[in-house]
Amino acid sequence: MHPPHSVSSREQVVDTMIGLTRLSSLHRAIVAGSDSLEIYLALRRRGFFGVVTAATCRTPRRQHAVGLIADRNSPAEIEAALAGISPFLSANAAIAVLIESRESGVCLKIRTRLEQMGFRIEAGVRCQQGLVLSAYRQGFAQLENAA
């Protein structure tokens, strides 16, 4: 069982994710992971109404410009969340992933998975809860068509 997070540390994570992905109220975003509901509600309180959770979004049509993943569980669950939201993300999407695990090699594993999905790592920012890793992909549809 994990201790509850303070409001200020959760708000810091949301602020960091918004900043790294350049999320605006005009973007459609999808949130995944065990903490997705908390992130979703924090974004809605801030006026981001184009946000959905992976659990509530039914049809993957590459319609979301931003993906946010917050999962305090194992790296395997973060990878599963990445795979789950990938079909919902546009060819030029931005993504931010909160990595709370302090295990060695976790960041490298997530980074490798993001690169396999066509993302280029842009930044990693430490916050109270862990590391928020951000990445962008450009022209991913062209890569898929070529394959």
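Suppose we keep only residues that are among the polar types (S, T, N, Q) and surrounded by 16 or more Cβ atoms within 10 Å (Cβ to Cβ) within region 106-138. Which one would you say is farthest from residue 14 (Cα to Cα)? Among residues in region 106-138 that are among the polar types (S, T, N, Q) and surrounded by 16 or more Cβ atoms within 10 Å (Cβ to Cβ), the one farthest from residue 14 (Cα to Cα) is 134. Hey, can you tell me all the residues within region 94-137 that are in contact with a Phe, Trp or Tyr (Cβ under 7 Å, 6 or more places away or on another chain) and at negative phi? Of everything in region 94-137, those that are in contact with a Phe, Trp or Tyr (Cβ under 7 Å, 6 or more places away or on another chain) and at negative phi turn out to be 94, 95, 119, 120, 122, 135, 136, 137.
Any residue that is assigned to a loop (DSSP other than H, G, I, E, B), more than 23 Å from residue 112 (Cα to Cα) and in contact (Cβ under 8 Å) with a residue 24 or more places away in the chain - is there at least one of those in region 33-43? So far as region 33-43 goes, no, none of its residues is assigned to a loop (DSSP other than H, G, I, E, B), more than 23 Å from residue 112 (Cα to Cα) and in contact (Cβ under 8 Å) with a residue 24 or more places away in the chain. Restricting attention to region 1-27, the residues that are at pLDDT 95 or above and basic (Lys, Arg) total 1.
Any residue in region 45-71 that's touching a residue at least 24 places away in the same chain (Cβ under 8 Å) and closer than 19 Å to residue 92 by Cβ: show its pairings with residues that are of a type in the set (A, V, I, L, M) and assigned to a loop (DSSP other than H, G, I, E, B) at Cβ separation under 6 Å, as long as the two are six or more apart or on different chains. If the second residue must be of a type in the set (A, V, I, L, M) and assigned to a loop (DSSP other than H, G, I, E, B), the pairs left are 66/23. Quick one: is residue 122 of a type in the set (Asp, Glu), under 22 Å from residue 19 (Cβ atoms) and in a strand (DSSP E or B)? When the stated conditions are applied, residue 122 passes them. Residues in region 95-105 that are over 23 Å from residue 38 (Cα atoms) and either of a type in the set (D, E, K, R) or buried (at least 17 other Cβ atoms within 10 Å of the Cβ) (or both): 103 only.
The values are calculated or read from the model by the stated rules, or taken from the named source; none is laboratory data. What you are looking at is a predicted structure, and each value in this text was computed from that prediction instead of being measured. So basically every Cβ, Gly included, is an ideal-geometry build from the backbone, and we count neighbours across all protein chains shown.
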